[in-house]
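The numbers here are math on the coordinates, done by the rules we state, and not lab data. From a predicted model like this one, the values you see are computed outputs, not experimental measurements. All Cβ positions, glycine included, derive from the backbone under ideal geometry; neighbour counts span all protein chains shown.
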């Protein structure tokens with residue numbers, strides 16, 4: 001029998017397992033019940049797909065959305081793996097044909113919705129299946145849907161509890177990307193697991209960059225500028241349906257392909273729009289929360305939240321749709337404090353007072369995330385019960401750290417008050433005592449008699465609250481995970497009280513220093529080849545009517561562009577290349593790489609030192625005015641640098657500086673008038689076109705003609 005590593009390469013083209021995958025797969029092969037909580041992009045699917053191929057019989061996979069199961073089956077089939085799905089898109093004849101193939105032992109994985117799985121008619125089919133080819137195990141994907149405490153509870157998932165009673169000897173595997181401790185316990189209880197192996201991984205996704213920007217009054221312009229500076233596919237999440245339509249329409253008018261997505265569109269339209277996005281026919285999806293779980297697109301490079309999400313779990317899920325391939329991606333929240341009032345309105349519509357209370361607590365946590373001066377991952381991960389010390393090097397606060405002030409004396413006052421209140425109260429009560437409140441609660445517990453009563457009148461409630469939260473963020477004070485959020489002293493707390501430890505609190509830093517990353521000329525050649533390989537991949541995908549990533553992921557194309565294999569034997573050694581895909585697509589990509597390397601005009605003139613410095617800042621996403629400010633030059637000088645870099649065939653996207661419809665008009669004018677001066681072209685084009693725009697397009701046109 002082949003080793004697990006050999007099977008991994010044979011079926012999926014990977015050279016090694018990701019963290020935890022091998023142990024999970026080994027336990028699945030031993031017929032253990034399994035609960036797997038693994039963040040998006042961690043490789044959950046492989047944990048049930050590979051054992052399904054190695055075990056006798058067929059694996060039954062429960063998936064909540066039609067689009068999700070169809071995408072996964074398509075990807076498996078393109079790896080030469082016998083997988084199928086059964087759902088409402090198939091007519092009776094096709095369902096019967098697929099069921100016959102399953103009973104004949106020709107299929108290793110069957111994807112279906114929970115409603116079909118628990119239906120009486122399908123249960124009869126499963127009973128027949130157990131007595132013929134056998135069922136290897138049941139895999140329940142998106143398992144948080146089974147819990148009423150999960151962020152996306154679905155009543156039909158609750159019926160899956162029948163599986164253990166009807167098939168007591170068949171192992172169960174539940175998988176999800178997000179599950180609090182409460183949800184984990186509920187999943188185990190509902191599915192009646194037998195001595196399950198629980199695999200819970202860190203929720204930290206280090207490839208994602210998190211940033212919060214104040215939402216400006218000219219929000220569309222802010223969003224448009226952001227998208228123009230970012231590369232690749234992106235999702236923009238909005239609170240309201242009308243906003244999705246308005247933004248998608250304006251982006252399209254301004255030359256950025258975009259589509260709206262919301263719950264009031266017909267199923268057919270939503271499906272068509274989603275396919276357009278997945279297959280790279282459209283770059284941006286502007287969506288409400290109706291768009292999400294069914295997206296199996298690994299190469300989303302950014303997610304922007306136009307409005308404040310309702311809770312941390314939703315934000316983690318939605319922002320987590322970026323970078324599922326493990327490559328760097330950006331998650332940006334445009335924050336306006338007034339969003340709180342909109343969300344409060346919807347919370348008040350809930351009938352249950354308890355649900356309202358929970359929703360208010362969740363909203364408060366999101367606001368805390370948006371307003372913190374500390375590492376954003378501290379707040380995000382604490383929601384899932386995970387301690388994180390900060391310094392993630394992957395959020396705006398860590399990359400642009402705030403200045404720190406010595407607040408040891410204030411911290412000693414705060415911690416002393418916590419101690420004198422016997423560590424039985426939360427931040428709000430401690431602040432009331434410090435500020436000398438005359439509230440009934442303070443007098444009820446006799447806290448007006450404490451030595452710390454009223455010693456903090458010199459600071460506002462907000463200042464004390466920020467100090468208390470800062471102590472918790474830094475691990476200098478503990479806070480219980482229940483709804484009461486009781487403060488508890490720890491070892492560090494006592495060291496502060498005994499004057500053995502200083503406390504420094506972050507404040508806004510107006511002097512932010514930007515790090516300049518080193519530029520490597522070789523990276524240009526790799527980037528140019530990468531773009532060529534992407535175009536080839538898209539062409540092949542369109543011919544087969546599949547998503548481009550199904551052929552090869554971006555990470556595999558990047559390795560091809562870096563290693564530049566000259567033959568199929570060399571290509572076969574790269575990660576992500578299975579024997580099946582090598583035979584099916586290999587010669588196309590070898591041909592493209594060979595053609596690229598043999599081109600006569602491949603040599604690219606290198607920029608001068610000053611041009612290179614401008615190029616470095618451009619590659620970091622700065623606008624032309626920002627580059628000019630950073631370098632201490634006039635904007636016109638930077639425009640000249642950019643124009644020269646374009647002519648030198650450097651990798652610069654002119655669409656980030658000039659709208660595509662304007663570029664088209666300028667090009668037509670140049671073709672009509674010939675190589676005229678900027679002044680002559682400007683007189684012809686009129687006041688709607690600036691000298692800078694004409695200069696950039698003229699450089700781009702010259703490069704394209706050469």
*What ranking of 704, 74 emerges when the number of other C-beta atoms within 10 Å of each C-beta is taken as an exposure proxy, fewest first?*
704, 74
*May I ask you to order 631-642, 108-119 by the average number of other C-beta atoms within 10 Å around their residues, highest value first?*
108-119, 631-642
*Taking other Cβ within 10 Å of each residue's Cβ, how do 609, 219, 372 sort, fewest first?*
609, 219, 372
*Return the whole-Å distance between the Cα centroid of region 154-215 and the Cα centroid of region 53-118.*
22 Å
_Inter-centroid distance (Cα atoms) of region 17-38 relative to region 423-483, Å_ = 45 Å
_Cα shape, region 522-598, gyration tensor, a/c 1.5 rule_ = oblate
*Taking Cα pairs under 8 Å and at least six residues apart, what relative contact order does the chain come out at, in percent?*
11 percent
*Provide 131, 7 in ascending order of the number of other Cβ atoms located within 10 Å of each residue's Cβ, fewest first.*
131, 7
*Which three semi-axes in whole Å describe the equivalent ellipsoid of the chain, each the square root of 5 times a Cα gyration tensor eigenvalue, listed largest first?*
44, 41, 23
*How would you order 206-212, 412-418 from highest to lowest mean count of nearby Cβ atoms within 10 Å?*
412-418, 206-212
*Using the Kirkwood formula over every pair of different C-alpha atoms, what hydrodynamic radius in Å results for region 4-200?*
16.8 Å
*Grab the DSSP H runs of the chain that are 4 residues or longer, score each as -39,500 (n - 2.57), total them, divide by all residues and round the 222 nm result to the nearest 500 deg cm²/dmol.*
-14500 deg cm²/dmol
